[in-house]
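To start, the structure under review is shown below, and the notes come after it.
What follows draws every value from the coordinates through simple rules; no lab data is involved. Computed from a prediction, not measured in an experiment: that's the story for all the values here. Cβ sites come from the backbone with ideal geometry, for glycine too, and all protein chains shown count toward neighbours.
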Amino acid sequence: MSSYEDYTRVSRNYDKTRGPVGIEVIIGCMAQARTPLEEMVVLDAGCGTGNYSRALLEHVGKIIAVDLNEDMIGVAKGKLARAHDNGQISFHVSRIGELPFEDASFDGVMVNQVLHHLPDEPAKGFPVHRRVFRELARVLKPGGILTVNTCSRKQLEHGYWYYNLIPQAAKTLRNRFVPIELLLEIFEESGFVYRGRFAPLDVPMQGPSYFDPQGPLRKEWRDGDSTWSLTTADELEQALQRIRELDEGGELEEYVVRNDAWREDLGQASILYASRR
Ligand SMILES: C[S@@+](CC[C@H](N)C(=O)[O-])C[C@H]1O[C@@H](n2cnc3c(N)ncnc32)[C@H](O)[C@@H]1O
């Protein structure tokens, strides 16, 4: 389970703002596997509501989708009912660090925006992450492809216009993310060869709704970014109050533009790509 977000509740709102940002990059990376793309069996590790699975499905042979939260999987199943019925996708409630699959079962594995939910200990070098990557390496065939969609510390510092309104929560979030350099070391020690890194620059993680200056005032909008769940009641109230004041003073749109200035150059997320040795 996520160690801080209530995905049972969020499952009802997640798709109101979130989509498969960067899927074209993931497809391009998967196409580098030894198995032809259209025959690949791909694991969607932490599939959530199935947005990435749905977008990848028409390009690959089969997807096995895994998530710890039954309600997120329930939404995914509803969306992908036909593919589920014809066996092109199957769903499993499981932890990505203890997968119920044989060694070398998959040609590809994708992990999209899941790692920061792992309950880990940064001070001890992220042992839970290390276990997860050993497990992903175990189930991937030699030459199979791994894609990891995560965020760099810089992207988290400058890539989201509203993080300056909730600095404590944003800092807590940053500390949950494994620094990219360390992730590359973990790849290496788990049996992966790092092959590259891409940052989608054109589309924010919450799509066009990201630009809604009043978005944070609505719970369903905040459900598109779990950082809001890391706020204390006081920090949240202060942030919402600041938005109302900026709005009343006619300065809110300018605030968004000013605090969004770096995003187009940095992007909000990084897709790392590696192959199994
Ligand atoms: C931000 S959502 C991402 C969902 C989907 N990958 C996407 O990008 O749309 C994080 C998901 O990771 C799942 N999750 C968190 N920890 C997990 C774990 N240890 N094993 C499996 N799933 C996990 C949560 O239940 C949630 O559905």
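Selection within the stretch 155-184: residues that are of a type in the set (Lys, Arg) and in contact with a helix residue (DSSP H, G or I) (Cβ under 6 Å, 6 or more places away or on another chain). The member of this set that is farthest from Val111 (Cα to Cα) is Arg174.
At least 1 residues that are among the small types (Gly, Ala, Ser) and crowded, with 16+ Cβ neighbours inside 10 Å in each: list the helices (runs of 4 or more DSSP H) lying fully within the stretch 215-277 that qualify.
In the stretch 215-277, 233-248 are the helices (runs of 4 or more DSSP H) which contain 1 or more residues that are among the small types (Gly, Ala, Ser) and crowded, with 16+ Cβ neighbours inside 10 Å.
The number of residues in the stretch 89-140 that are of a type in the set (D, E, K, R) and either part of a helix (DSSP H, G or I) or within 11 Å of the ligand (Cβ to nearest atom) (or both) comes to 9. Cβ separations smaller than 8 Å between residues 6+ apart or across chains give the following pairs from the stretch 212-226 residues that are among the aromatic types (Phe, Trp, Tyr) to residues that are crowded, with 20+ Cβ neighbours inside 10 Å: Trp221/Thr17; Trp221/Gln206; Trp221/Gly215. Restricting Ala76, Ala33 to those that are assigned to a helix (DSSP H, G or I) and hydrophobic (A, V, I, L, M, F, W, C) reduces the list to Ala76. All of (1) crowded, with 19+ Cβ neighbours inside 10 Å; (2) over 20 Å from Ile26 (Cα atoms) hold for Ile96 with one exception: (2). Search the stretch 31-49 for residues being among the acidic types (Asp, Glu) and touching a residue at least 60 places away in the same chain (Cβ under 8 Å), and hand back the single one that is nearest to the ligand (Cβ to nearest atom). That would be Asp44.
The selection criterion, being more than 20 Å from Glu188 (Cβ to Cβ), among the aliphatic types (A, V, I, L, M) and out of contact with any helix residue (DSSP H, G or I) (no Cβ under 6 Å at 6 or more places or on another chain), does not hold for Ile89.
Residues of the stretch 115-128 being under 28 Å from Leu80 (Cβ atoms) and buried (at least 22 other Cβ atoms within 10 Å of the Cβ), which ones?
Leu115, His116
Once the stretch 141-164 is narrowed to residues that are polar (S, T, N, Q) and within 14 Å of the ligand (Cβ to nearest atom), the residue that is farthest from Leu43 (Cα to Cα) is Thr150. The set of residues from the stretch 39-59 being surrounded by 19 or more Cβ atoms within 10 Å (Cβ to Cβ) and among the acidic types (Asp, Glu) comprises just one member, Asp44.
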